[in-house]
Amino acid sequence: MHEQKHIVETVKTGIIEGIRGTGEVVDAAIDTVSGTLVNTLKGTGAVGAALTGTVSDVLRGAILGTAHVGADIRGAAKGGVIGVIRGTQEVGVEAAESIGAGARAVVKSAAEVGGDLGSAARSAVEGSIAGAKEVGLRAEDAASAAATGAIKGAGEVSATAGEEVRRAVTGVIAGVKVVVKEPFKSEERKAR
């Protein structure tokens, strides 16, 4: 718990300093998230649940820091997911699970700060596509992982949030057809 709080606060502070220094949210998020992930993962060797927990903490810090300075959390969502992809690639970790955990954390953190969940989710998907293209991953797979994670996170906020995010991340985003992995509980209930 202490380590979790430490990561969130470290990233939050880094994002605040980065945005105040340059005014550029996306770059501040990319640099802070990827750097923190690389240092933390190399230091702990986290895998599985510990890895996804670290990704969630880092992205929560990015969203909280961005909101703290009154900047647009969409930039932090996009840059944060790009940072996750860069960071996990650098330490040799498979990206899809981390992308999903990151998008889930983005949406839950956006809800925490009163942000627009649909916009944050869509930006996370855009970040997954840009990051995937940058490191040679399939953009469709990254987009699917991000969209699925975002919908899961929104579903944990409320059913209404889940539907809002589902609408925001379905279809073509940044030239990539986004396919959401099914089923989700809300869909299962509707089918009955």
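The values are calculated or read from the model by the stated rules, or taken from the named source; none is laboratory data. Only a predicted model underlies this, so the values are computations on that prediction, with no experimental measurement involved. Quick reminder, even Gly has a Cβ in these numbers, built from the backbone with ideal geometry, and neighbours come from all protein chains shown. Please note that ligands, DNA and RNA were not included when accessible areas were found on the heavy atoms of the full protein model with its side chains. Shrake-Rupley method; radii C 1.70, N 1.55, O 1.52, S 1.80 Å.
Would you call A76 under 18 Å from I129 (Cα atoms), in contact (Cβ under 8 Å) with a residue 60 or more places away in the chain and part of a helix (DSSP H, G or I)?
yes
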Worksheet item: What are the pairs, 6+ residues apart or on separate chains, where a residue within the stretch 1-30 that is of a type outside the set (G, A, S) has its Cβ under 7 Å from a residue that is not in a helix (DSSP H, G or I)?
Response: I16/V69; I19/V69; I19/A71; R20/V69; V25/A71; V25/D72
Worksheet item: In the stretch 88-98, what residues are closer than 22 Å to D27 by Cβ, open to solvent by less than 70 Å² (accessible area, probe 1.4 Å) and either out of contact with any helix residue (DSSP H, G or I) (no Cβ under 9 Å at 6 or more places or on another chain) or in a helix (DSSP H, G or I) (or both)?
Response: T88, A95, S98
Practice prompt. Quick one: V135 ticks every box in (1) within 15 Å of V84 (Cα to Cα); (2) at pLDDT 95 or above except a single one, so which number is it?
Written response: (2)
Response to the item:
The correct count of residues that are surrounded by 23 or more Cβ atoms within 10 Å (Cβ to Cβ), under 13 Å from E9 (Cα atoms) and not polar (S, T, N, Q) in the stretch 61-87 is 4
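Rundown of residues vs (1) open to solvent by 20 Å² or more (accessible area, probe 1.4 Å); (2) under 22 Å from S123 (Cβ atoms), yes/no style:
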| residue | (1), (2) |
| --- | --- |
| E17 | yes, yes |
| E24 | yes, yes |
| D27 | yes, yes |
| I30 | no, yes |
| V38 | no, no |
| T44 | yes, no |
| A49 | yes, no |
Fill in: Residue among A50, A67 that is closer than 17 Å to D116 by Cα and either touching a strand residue (DSSP E or B) at 6+ places or on another chain (Cβ under 6 Å) or part of a helix (DSSP H, G or I) (or both)
A67
Item to complete: Give the residues of the stretch 99-123 that are within 10 Å of R74 (Cα to Cα) and assigned to a loop (DSSP other than H, G, I, E, B), sorted by residue number.
Response: G115, D116
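Do the conditions hold for T40, that is, is it farther than 23 Å from G136 by Cβ, free of Cβ contacts under 8 Å to residues at least 40 places away in the same chain and part of a helix (DSSP H, G or I)?
Values: farther than 23 Å from G136 by Cβ: yes; free of Cβ contacts under 8 Å to residues at least 40 places away in the same chain: yes; part of a helix (DSSP H, G or I): yes.
Yes, satisfied.
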Worksheet entry | Matching residues in the stretch 60-104 - criterion: being closer than 12 Å to A120 by Cα and among the acidic types (D, E) | D72
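For the subset of the stretch 146-177 comprising residues that are of a type in the set (K, R) and more than 13 Å from the chain's Cα centre (by Cα), which member is most open to solvent (accessible area, probe 1.4 Å)?
Taking the stretch 146-177 first, the residues of a type in the set (K, R) are 152, 166-167, 177.
Okay, now just the ones that are also more than 13 Å from the chain's Cα centre (by Cα), so 166-167, 177.
Details: R166: 32, R167: 166, K177: 130 Å².
By that ranking, first place goes to R167.
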